[in-house]
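The values are calculated or read from the model by the stated rules, or taken from the named source; none is laboratory data. Not measured: the values here are computed from a predicted model. As a convention, Cβ positions derive from the backbone with ideal geometry for all residues, glycine included, and neighbour counts pool all protein chains shown. To get the accessible areas, we keep the full protein, side chains included, count just its heavy atoms, and leave off ligands, DNA and RNA. Shrake-Rupley method; radii C 1.70, N 1.55, O 1.52, S 1.80 Å.
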Amino acid sequence: MSQEISRLILPFAVLAPDRNEAFSDEAEKAALFCLAEQERAKGGGIVAKQPSENITFIAKVAYPFWLHPFNKADLLFDGLNTTSHTLSHSLIQDIGVFIDGVERSSSSRETYTAFLSDNTSYFQPSVKQANTVIKGLIADPSFLEDFASYLSEAKPLDMPSSEIAPLPPTLDEASIIANIHALEELKTKLAEDARSLNRSMKLLNATTKGFTKTIQAEIKEAKDEFNAELEKHRGPVEEEVGRILRNGDEEIMVVSKRFEKELLHLHKEKMKREKTRDRLSSKIARCDVEVKGSAARKDKAGERRWKDERGKRKKERSEVESEIKKLERDLKETEEKKGEELFRLRSGLDAKTQEATKELVEIESSRDAKVQMLTQEMEKMEAQTATISKQIDQAIRQREASTAAFERLGLSYGNNRQPLVYVPFYLVGFQSESRRRYAHYPPSCVNNVRLLVKLKGALGMAKVKQLLKPRSEAIASFLNRFPLVLEEKTVFERETSEAAVKADILRARNAKESIRRGLDQLKEEGWLSEKEHETFSQRLA
């Protein structure tokens with residue numbers, strides 16, 4: 001791998017889309033000098049006087065990143081190994097054990113049914129996660145997108161160079177290869193898990209389907225067997241039932257006729273008395289008319305005679321009405337007796353037919369019970385299989401999603417080499433007595449002096465701060481951690497400081513003349529006022 005390494009470097013500054021003027025190397029250095037001076041603590045203080053800081057160096061430092069092919073993309077690694085990426089996937093039960101269990105239990109339906117009941121939650125989603133940490137791997141989508149778009153601007157890095165301090169990578173090639181192998185093994189394992197899960201689901205469904213076919217055959221066999229038995233007994237039973245029904249119908253007919261005869265006699269008697277009552281009512285009405293007529297003629301004897309006749313007829317009518325009521329009670333009682341008698345006959349008839357068909361009912365009940373038992377067994381087996389299959393399908397989807405995540409880990413570079421790509425940024429060192437601190441400026445876009453910048457200058461704000469804008473928020477955020485790395489790693493800080501001092505733009509040959517010309521350019525373009533130009537020039541001297 002070492003023989004294939006190519007070293008590339010990205011530009012620090014590119015022109016913003018709305019800027020047409022060129023931006024010289026002298027202007028770049030002058031701008032960084034101005035920014036460093038503005039960042040430098042000037043000392044002072046009323047209560048506790050603070051010492052001023054000195055600039056120990058302003059150097060263009062290059063941060064190393066490895067690119068390494070993986071599948072159809074290229075993975076990006078942090079050359080200083082300050083970051084890492086964790087790949088997570090949910091844990092599942094041993095798939096091989098489940099497959100062995102299906103195969104072993106498929107020898108009989110009883111053992112297979114017990115296996116399903118015991119393993120209904122075998123692939124229940126687990127909250128536990130398996131984590132694989134890949135040291136140095138950068139997988140932030142925003143960072144990868146920006147980095148990939150800048151790669152077309154990369155140029156070969158000439159080594160050595162006095163104007164730039166490339167940081168030596170602490171993540172070596174052997175570690176990267178080990179990380180790649182770990183990723184490949186994890187991806188292979190996840191893909192193999194998905195295949196094994198697919199196989200287990202197919203085996204489970206096929207085994208269940210085989211047993212359900214067997215149960216369906218048993219259901220058909222049971223129906224055929226019991227139906228044949230029913231047919232054998234159905235003829236004699238139907239003959240006996242027919243005889244019972246015929247005899248019963250005859251008894252019902254005899255009883256019905258007897259009661260109908262009684263009812264007819266009672267209705268006849270009632271009808272006769274109703275006619276007698278109607279005649280008496282007519283006679284009573286005539287008597288009323290005659291009484292009124294005799295009274296009008298003042299025929300006392302006639303009036304008395306008709307009144308006596310009317311009283312006699314009313315008495316007769318009252319006796320007839322009493323007889324009618326008695327006949328109505330007799331009719332009701334006879335109807336009730338008829339209903340009770342017929343009900344008794346029908347109940348007895350039902351009991352006899354039930355007794356005659358007892359054997360057929362017994363056979364049908366045995367048939368239906370066995371069919372129901374087999375059907376419930378089949379439905380339970382299918383339901384448990386569906387539950388386990390749903391869990392397996394979810395596990396497959398999780399594995400496939402985890403595998404698909406590998407495709408989003410890298411970027412497209414389109415080069416067969418594994419380059420070491422450097423991202424330049426400016427590092428400024430400050431020192432006050434024994435205290436050291438650092439400021440950094442990420443890769444930037446060079447802005448144009450717009451109206452907003454001029455307005456800020458009119459309000460007393462330094463316009464030069466608007467000159468350089470971070471080109472990528474993701475890369476700028478990543479580089480923000482660099483000063484913390486310097487604080488945490490003393491040896492690395494010393495080595496970086498020594499390299500930065502050698503690349504200090506203030507110590508290079510003709511550095512001050514070059515920066516002064518850059519200050520003139522910034523003033524001419526409108527980034528520095530006359531006073532700012534004079535102040536920075538004096539500080540430079």
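Laid out as a table, the results:
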{"quantity": "Total residues in segment 412-454, condition among the aliphatic types (A, V, I, L, M) and at pLDDT below 85", "calculated": "4"}
{"quantity": "Residue satisfying all of: in segment 157-189; charged (D, E, K, R) and not in a helix (DSSP H, G or I); surrounded by the fewest Cβ atoms within 10 Å (Cβ to Cβ) among these", "calculated": "Asp158"}
{"quantity": "Yes/no for Arg494 being at pLDDT below 90 and closer than 17 Å to Val61 by Cβ", "calculated": "no"}
{"quantity": "Test: residue in segment 503-521 that is part of a helix (DSSP H, G or I), over 20 Å from Ile164 (Cα atoms) and among the aliphatic types (A, V, I, L, M)", "calculated": "yes"}
{"quantity": "Subset of segment 90-108 that is touching a helix residue (DSSP H, G or I) at 6+ places or on another chain (Cβ under 6 Å) and open to solvent by 30 Å² or more (accessible area, probe 1.4 Å) - its residue that is farthest from Leu204 (Cα to Cα)", "calculated": "Ile92"}
{"quantity": "Residue match in segment 357-378 (condition: free of Cβ contacts under 8 Å to residues at least 24 places away in the same chain and among the β-branched types (Val, Ile, Thr))", "calculated": "yes"}
{"quantity": "Every residue from segment 270-291 that is over 18 Å from Lys312 (Cβ atoms) and either open to solvent by 70 Å² or more (accessible area, probe 1.4 Å) or at pLDDT below 90 (or both)", "calculated": "Met271, Lys272, Lys275"}
{"quantity": "Criterion (in contact with a Lys or Arg (Cβ under 6 Å, 6 or more places away or on another chain), over 30 Å from Glu184 (Cβ atoms) and open to solvent by less than 40 Å² (accessible area, probe 1.4 Å)) met by exactly one of Leu349, Leu374, Leu327, Leu360", "calculated": "Leu327"}
{"quantity": "Strands (runs of 3 or more DSSP E) completely within segment 25-137 that count 2 or more residues being under 21 Å from Ile9 (Cα atoms)", "calculated": "54-70, 73-78"}
{"quantity": "Failed item, numbered, when Ala130 is tested on (1) open to solvent by less than 80 Å² (accessible area, probe 1.4 Å); (2) in contact with a helix residue (DSSP H, G or I) (Cβ under 8 Å, 6 or more places away or on another chain); (3) of a type outside the set (S, T, N, Q)", "calculated": "(2)"}
{"quantity": "Residue within segment 109-116 that is farther than 30 Å from Lys463 by Cβ, surrounded by fewer than 16 Cβ atoms within 10 Å (Cβ to Cβ) and out of contact with any helix residue (DSSP H, G or I) (no Cβ under 8 Å at 6 or more places or on another chain) present", "calculated": "yes"}
